[in-house]
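The values are calculated or read from the model by the stated rules, or taken from the named source; none is laboratory data. Please read all numbers here as calculations on a predicted model, not as lab measurements. No Cβ is skipped: glycine too gets one built from the backbone with ideal geometry, and neighbour counts run over all protein chains shown. Just the protein is used for accessible areas: all its heavy atoms, side chains included, with ligands, DNA and RNA removed. Shrake-Rupley method; radii C 1.70, N 1.55, O 1.52, S 1.80 Å.
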Amino acid sequence: MAAGNRKAVVSPCNVQNEVRLVVLGQTGVGKSAIVVRYLTRRFIGDYAPNLESVYNQSTKVDDQTVHLNILDTPGDFDVECQTRQEQMQKADGAILVFSVTDRSSFNHLNKLKTCVTRGAKKDVDKLPAILLGNKADLCHLRTITVSEGAEFAKELGCQYYEVSASDGSVEIVDAVHDLYREIYRAEKRAKVKKVSARLQLRQTIKNFTDRHLYRSRTNTL
Ligand code: GDP
Ligand code: MG
């Protein structure tokens, strides 16, 4: 279980309160089950593996209403494809999922790594993300340790959570809400960066103009 910063508060100026999330991971890791668990608090066992679904829902985070748009990607989601890259560029955050019972789904994350870095929106350093190790209820079948998951999340620069879509909603809801907060912090950082770049540019122009004025004055004396 990860420790997100629970103290941060989502502000009214948050991304016009609309958040686009994309859920990525190998087929069968439980992406659809996680999304449906988050939205309905229920576990539904079977989904068509190659179905792409978009869900819209409004929810409250830190007393703030957030309008969610969640893209549940199909198993054959190719991050290299142009259309997929465009989808990634529209995303405010990514939920990366693997199954703790399946090493190939963990290895598959290497292919998705660039989504968090290259798929980032303009003005944001990297795409805010969380890593979910799903099917934590299947202890006897576990092949990926908690520290392996945490280590990979560290590489991605995000938080790691162990969840079970079949067992409960609490961890999943906590993880997704931590992602909203991270998105908000990233937007805030980007705004600060933009303002300071503008101020710096203004100062450079002012310095240049002052120097130029001083020179032309001394020339006329
Ligand atoms: P997706 O292809 O990544 O969207 O995976 P699905 O959501 O379709 O789930 C694939 C299979 O894993 C289904 O049979 C689900 O019932 C099962 N599944 C999903 N999450 C869990 C979980 O947390 N625990 C267990 N035991 N099974 C799960
Ligand atoms: Mg699915």
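Here is how the numbers come out for the structure above:
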| quantity | calculated |
| --- | --- |
| Among Gly75, Gly45, Gly30, residue whose mean-square fluctuation peaks in a GNM of the chain (springs only between Cα atoms under 10 Å) | Gly45 |
| Local net charge near Gln26, Cβ-Cβ under 14 Å (Lys/Arg +1, Asp/Glu -1) | +1 |
| Full-extension gain in nm, Leu141 to Lys154, via 0.36 nm per residue minus C-alpha separation | 2.3 nm |
| For the chain, calculated [θ]222 nm from helices alone, where every DSSP H run of n ≥ 4 adds -39500 (n - 2.57) | -14000 deg cm²/dmol |
| Segment 81-98 - phi-based ³J(HN,Hα) in whole Hz, Karplus 6.51/-1.76/1.60, Gly and Pro as x | 5, 3, 4, 5, 5, 5, 4, 5, 5, 7, 6, 8, x, 10, 10, 9, 10, 9 |
| Length released on extending from Thr40 to Ala190, taking residue separation times 0.36 nm less the Cα-Cα span | 50.7 nm |
| Gained length - Thr218 relative to Thr65, 0.36 nm times residue gap less alpha-carbon distance | 49.0 nm |
| Rounded to the nearest 10 Å², the accessible area of Arg41 at probe 1.4 Å | 110 Å² |
| Flagged links, alpha-carbon separation over 27 Å, of Lys154/Lys191; Lys31/Lys193; Lys90/Lys135; Lys90/Lys191; Lys126/Lys206 | Lys31/Lys193; Lys90/Lys135; Lys126/Lys206 |
| DSSP loop GluC sites (Glu not before Pro) with at most 15 other Cβ within 10 Å excluded, longest remaining stretch of the chain | 81-221 |
| Alpha-carbon gyration tensor eigenvalues x 5, square-rooted, for segment 88-175, Å | 24, 14, 10 |
| By accessible area with a 1.4 Å probe, ligands and nucleic acids excluded, highest first: order of His67, His212, His140, His108 | His140, His212, His67, His108 |
| Accessible area of Ile205 in the full protein assembly, 1.4 Å probe (Å², nearest 10) | 100 Å² |
| Crossing angle, helix 31-40 versus the chain [Cα axis fit, 0-90 degrees, rounded to tens] | 80 degrees |
| Degrees, to the nearest 10: 170-220 long Cα axis against longest axis of the chain | 10 degrees |
| At R0 = 30 Å, FRET efficiency that the Cβ-Cβ distance of Tyr47 and Arg103 yields, to 0.05 | 0.85 |
| Accessible-area value, Leu213, 1.4 Å probe, nucleic acids and ligands omitted, Å² | 90 Å² |
| Surface share of carbon and sulfur [accessible, 1.4 angstrom probe, percent] for segment 150-213 | 58 percent |
